[in-house]
1. State, as an integer percentage, the relative contact order of region 332-385 based on alpha-carbon contacts under 8 Å between residues 6 or more apart.
2. Quote the FRET efficiency, to the nearest 0.05, computed for ALA282 versus ILE23 with a Förster distance R0 of 35 Å and r equal to the Cβ-Cβ distance.
3. Once neighbouring chains are kept in place and the probe is 1.4 Å, which whole percent of the accessible area of region 3-51 is contributed by carbon and sulfur?
4. Hey, got the dipole for region 214-355? About the Cα centre, +1 on K and R Cβ, -1 on D and E Cβ, debye to the nearest 20?
5. With charges only on Cβ, +1 for K and R and -1 for D and E, what is the dipole size of region 95-250 about its Cα centre, in debye, rounded to 20?
6. How large is ³J(HN,Hα) for each residue in region 136-144, as worked out from phi by the Karplus curve 6.51 cos²θ - 1.76 cosθ + 1.60 (θ = phi - 60°), to whole Hz, x for Gly and Pro?
7. So what does VAL289 come to for accessible area, using a 1.4 Å probe and Å² rounded to 10?
8. Ignoring ligands, DNA and RNA, what percent of the 1.4 Å accessible area of region 218-332 is carbon and sulfur?
Amino acid sequence: MKNYYVDLHIHIGRTESGRAVKITGSKNLTLKNILQTASSQKGLDIVGIIDCHSPEVIKEIEQLVEEQRIELLPEGGLRFDKTTLIPGSEIEIFDEHCKGPIHVLSFFPTLEYMKKFSEWMRPLLKNIHLSSQRIYCDGRTLQQKVQELEGLFIPAHVFTPFKSLYGKGVEKSLSEVFDPERIDAIELGLSSDTYMVQGISELEKYPFVTNSDAHSLGKLAREYQKVQLEDANFKELVYALQEKGGRKILANYGLNPLLGKYHSTVCQECGEHVESEESCSACGSSHLVKGVSKRINELKDHKPPTRHRPPYIHQVPLDFIPGVGAKTIRRLIEAFGTEMAILHEVSVEQLEQVVPKKIANLIDLARRGKLNIEVGGGGMYGKVIE
């Protein structure tokens, strides 16, 4: 068994031809750039790219296979250099059972299954080329199709106020929209962690995953997990989610929830953080963006946890740390290889040989979750305070 670093929620901004996939994604967030960055800079062993349903993206993958730059793995997944690609798709559900739109992630073992899924979805979407499109079928039908194609089904960033399962999608329970038996994991999202959601008993049966939801190359591995596998492929990933044969998630790494864009409730009119009131104490407005922390407290039934969870390690990405810009990150990667090495293996003394002592200490405090943080909310990230 070996340990692998896994980020399963990465968008494609543009195709090689310049066609938009994730409109809000960076223009240089292309398939090749993602794979090269994940392998040579970030140190990610497995990536889930969740816009692989787009026909131009499929053609780009096929071209890389033809050029022998991608290897099709017999146990599922596609190997590029040191990184395995798991093809996936993010889809928006808003059927008659939903209170609001819900984003979900689907992953497939092979490119052929991904192509079949794309063709099945094409008449059910307005634009098959774009990311995160609304599908005109109900949630359970989508789950059934994913299962037919041997895929994984994971509700995305489930507590964020917009376009998520608990944020707006359901009143109280995921069973209002989905078949609970056809969910393979729950993605927590940037404004929550394992410890916050203890006490929501219907989530006890599911493993938690933490992913970046990257819209730019720099945000790859903003959140990720360390997973124990025999090899980096789709079948082993499934076993890890099912905790079979010693495969398992060893640790989730993510932002301190206080840094998340939607952790606290914020007034839309004046930006004031609102603790418990139904209206803003500063301006009197009732137009509030409910924070993840408040929504989680509404959902708790306070039954004691029954499942042993891996540790959730609060980790601030390098580009959140004051004084650590692109040049500093480049210098660190040149010295130590990948961001995973910098965050998990390199000593403070080694860091001090490359960057000033103050920055080396800040990096060490960040990876130990010891930095001071100004809370985020209302769509604004929190900040690290020196």
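The values are calculated or read from the model by the stated rules, or taken from the named source; none is laboratory data. The shown structure was predicted, so the numbers you read here are calculated from the model rather than taken from an experiment. Ideal geometry is used to build each Cβ from the backbone, glycine not excepted, and the neighbour counts take in all protein chains shown. Just so you know, the surface numbers come from the protein's heavy atoms only, side chains and all, with ligands and any DNA or RNA stripped out. Shrake-Rupley method; radii C 1.70, N 1.55, O 1.52, S 1.80 Å.
1. 21
2. 0.55
3. On the way: 630 of 1500 Å².
With neighbouring chains kept in place, the figure for region 3-51 is 42 percent.
4. Computed about the Cα centre, the dipole is about 460 debye.
5. Numbers: 20 positive and 22 negative charges, 87 e Å.
About 420 debye.
6. 9, 8, 7, x, 5, 5, 4, 4, 4
7. 10
8. Summing carbon and sulfur atoms, their accessible area is 47 percent of the total for region 218-332.
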